[in-house]
Number of protein chains: 2
Amino acid sequence: MSTQEPKQQRSRQRKNDVLTAATRVFARDGIAKAKMADIAKEAGIAVSSIYDYFPTKEALAYEIPIQRLAQLYAEFEDRAAALPTTRDRLSLFLTMTADHARANPDWARLLYLEIWPSVLIQEARVRRSVDDFGRIIVAMLREGSHRGEWSASLDPHRTATILMGSIAHMLITWLLYRRPADLEAATGPMVEQLMGMLEV
Amino acid sequence: MSTQEPKQQRSRQRKNDVLTAATRVFARDGIAKAKMADIAKEAGIAVSSIYDYFPTKEALAYEIPIQRLAQLYAEFEDRAAALPTTRDRLSLFLTMTADHARANPDWARLLYLEIWPSVLIQEARVRRSVDDFGRIIVAMLREGSHRGEWSASLDPHRTATILMGSIAHMLITWLLYRRPADLEAATGPMVEQLMGMLEV
DNA sequence: GATAAAAAGCGAATATTATTCGGATTTGGT
DNA sequence: ACCAAATCCGAATAATATTCGCTTTTTATC
């Protein structure tokens, strides 16, 4: 089998087991060093069975962030609808991004340390999923300028680079060194400082 | 032989050839996918000879950024000495970082896309070399506060995260997508916007 | 509820590559 | 010119991702 939708019930369960096991192993050893044998053992199936669901080790690795990122974006849309200003929505997006990483550190290690900056990502779905992050921020920056919440002369791409880079870098140092020790407490001031940059 | 200083002249030359070839191949294929055979062919030597200079493929990969980063820091110290304000020195450091990447894109791909965020870096020298980047910035931020160039209430670690993250992210998108198209022209405004954040 | 086709599962090959080994060749000092 | 050390290389070795062919399980149909 390839990566088609499975027809049987057990199969869907198995595929999920593999993804869960893989997330843990990849986060621990990195994609390159991770062994298919370890993933299979952790999922409780035969190595060759993994290939019934995913064509290669990399495809397996890339599947992981796609799902949860989509979930994050959807949840954001839900919660953002209630907020009056673009500034509030932008703050929420950055905060949710950090919270999401804190709540799913294995997933975050895989995404921020291995996949996000990877040279190797050819697969369109992963690329799109990561690029959406930038598109969402740029769109909000444009909207805020348009609504007069901040200066219209602010370059949206440059500013998006600052916002994304800052949050990503905070998460990377947290993932690698657990600094800041309390990520949740540190996120608020970080977002505040970044938002302060938008003031006219 | 291990990684000791070579005693013979040809050896030093060869070691350099290997590093140059490896930089190109790693930048093109990524560390995990790069083949020792390709590096050997590009350097014009036998595969097994590479192991006379470097114990493993990763050690070879990690050697590359160490040298040039040290070179960047040294060059910065030189040029910074002439500048009167901390703000000028900080601007220079960020600008030099971007210029250095633009001038050595293969090296930069290896550093920013593969090594910097890597889970796998155990080797102390690489880690130190990368961490120095943060230490240099934090030190300047403290100095600037102390000299009254910006508010003393500015958290140096948080601000360093913003500066490093923003520059790194700008370089990453340039390396992956060649956007902004003219990195040199984009660096100035980026540094300006970041410095604007320091104003009291 | 018996049966056949499809799907899922697995152990044993296979293939690709990093790494090691042993001996041949080259170098630098005398 | 000669020796010891350094360098170099081709041919094993070892680790591990991926493929293959067969067995077991599931689902649909009567």
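Number of residues in region B:16-53 that are aromatic (Phe, Trp, Tyr) and free of Cβ contacts under 8 Å to residues at least 12 places away in the same chain equals 1.
Residue-by-condition table, conditions (1) farther than 25 Å from A:Val130 by Cα; (2) of a type in the set (Gly, Ala, Ser); (3) not assigned by TED's automatic domain parsing to the domain that holds B:Asn104:
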site	(1), (2), (3)
B:His146	yes, no, no
B:Ala152	yes, yes, no
B:His169	no, no, no
B:Arg178	no, no, no
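Inclusion of A:Thr85 among residues that are among the polar types (S, T, N, Q) and surrounded by 14 or more Cβ atoms within 10 Å (Cβ to Cβ) is not warranted.
Condition first: more than 14 Å from DNA strand D (Cβ to nearest atom), closer than 21 Å to B:Asp99 by Cα and either within 14 Å of another protein chain (Cβ to nearest Cβ) or touching a Leu at 6+ places or on another chain (Cβ under 8 Å) (or both). Can you find one or more residues in region B:27-42 that meet it? Within region B:27-42, one or more residues are more than 14 Å from DNA strand D (Cβ to nearest atom), closer than 21 Å to B:Asp99 by Cα and either within 14 Å of another protein chain (Cβ to nearest Cβ) or touching a Leu at 6+ places or on another chain (Cβ under 8 Å) (or both). The residues of region B:116-133 that are over 27 Å from B:Ala185 (Cβ atoms) and not basic (Lys, Arg), listed by number, are B:Ser118, B:Val119, B:Leu120, B:Ile121, B:Gln122, B:Glu123, B:Ala124, B:Val126, B:Ser129, B:Val130, B:Asp131, B:Asp132.
Is it true that B:Glu77 is more than 13 Å from DNA strand D (Cβ to nearest atom), more than 14 Å from chain A (Cβ to nearest Cβ) and surrounded by fewer than 18 Cβ atoms within 10 Å (Cβ to Cβ)? Yes: the conditions hold for B:Glu77.
Let's see how each residue does on (1) touching a residue at least 24 places away in the same chain (Cβ under 8 Å); (2) buried (at least 18 other Cβ atoms within 10 Å of the Cβ):
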{"residue": "A:Asp132", "(1), (2)": "yes, no"}
{"residue": "A:Arg135", "(1), (2)": "no, no"}
{"residue": "A:Gly144", "(1), (2)": "yes, yes"}
{"residue": "A:Trp150", "(1), (2)": "yes, yes"}
{"residue": "A:Ser153", "(1), (2)": "no, no"}
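If you filter region B:1-41 down to residues that are farther than 19 Å from B:Gln67 by Cβ and of a type in the set (Asp, Glu), you find that the one that is modelled with the highest pLDDT is B:Asp38.
With respect to B:Val191, is the statement that it is at pLDDT 95 or above and not assigned by TED's automatic domain parsing to the domain that holds B:Val25 true? Yes: the conditions hold for B:Val191. When B:Tyr51 is tested against (1) more than 15 Å from DNA strand D (Cβ to nearest atom); (2) more than 21 Å from the chain's Cα centre (by Cα), exactly one condition is not met: (1). Is it the case that region A:167-187 has a residue that's within 21 Å of A:Glu77 (Cβ to Cβ), within 11 Å of another protein chain (Cβ to nearest Cβ) and not aliphatic (A, V, I, L, M)? Taking every residue of region A:167-187 in turn, at least one turns out to be within 21 Å of A:Glu77 (Cβ to Cβ), within 11 Å of another protein chain (Cβ to nearest Cβ) and not aliphatic (A, V, I, L, M). Applying a threshold of 6 Å to beta carbon distances and a minimum spacing of six or more residues, or different chains, the list of pairs starting in region A:103-129 at a residue that is modelled with pLDDT of 90 or more and ending at one that is of a type in the set (Phe, Trp, Tyr) reads A:Leu110/A:Phe26.
Would you be able to say whether some residue in region A:110-129 is assigned to a helix (DSSP H, G or I), more than 9 Å from chain B (Cβ to nearest Cβ), in contact with a helix residue (DSSP H, G or I) (Cβ under 8 Å, 6 or more places away or on another chain) and closer than 21 Å to B:Pro180 by Cα? Taking every residue of region A:110-129 in turn, at least one turns out to be assigned to a helix (DSSP H, G or I), more than 9 Å from chain B (Cβ to nearest Cβ), in contact with a helix residue (DSSP H, G or I) (Cβ under 8 Å, 6 or more places away or on another chain) and closer than 21 Å to B:Pro180 by Cα.
Could we say that A:Arg68 is more than 18 Å from the chain's Cα centre (by Cα), of a type in the set (Lys, Arg), within 27 Å of A:Ile137 (Cα to Cα) and more than 10 Å from DNA strand D (Cβ to nearest atom) here? Answer is no for this residue.
Per-residue answers, yes or no, for (1) more than 8 Å from every other protein chain (Cβ to nearest Cβ); (2) hydroxyl-bearing (Ser, Thr, Tyr):
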position: A:Leu141; (1), (2): yes, no
position: A:Ser151; (1), (2): yes, yes
position: A:Arg158; (1), (2): no, no
position: A:Pro189; (1), (2): no, no
position: A:Gly196; (1), (2): no, no
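Is it true that A:Leu175 is in contact with a Lys or Arg (Cβ under 8 Å, 6 or more places away or on another chain) and not in a helix (DSSP H, G or I)? Criteria not met by A:Leu175. Would you check which residues across region A:12-25 are more than 11 Å from DNA strand D (Cβ to nearest atom) and either closer than 28 Å to B:Lys57 by Cα or within 14 Å of chain B (Cβ to nearest Cβ) (or both) and list them? Those that are more than 11 Å from DNA strand D (Cβ to nearest atom) and either closer than 28 Å to B:Lys57 by Cα or within 14 Å of chain B (Cβ to nearest Cβ) (or both): A:Ala21, A:Ala22, A:Thr23, A:Arg24.
The values are calculated or read from the model by the stated rules, or taken from the named source; none is laboratory data. Bear in mind the structure is a predicted one, so any value in this text is a computation, not a measurement. Counting neighbours? That spans all protein chains shown, and the Cβs are built from the backbone with ideal geometry, glycine included.
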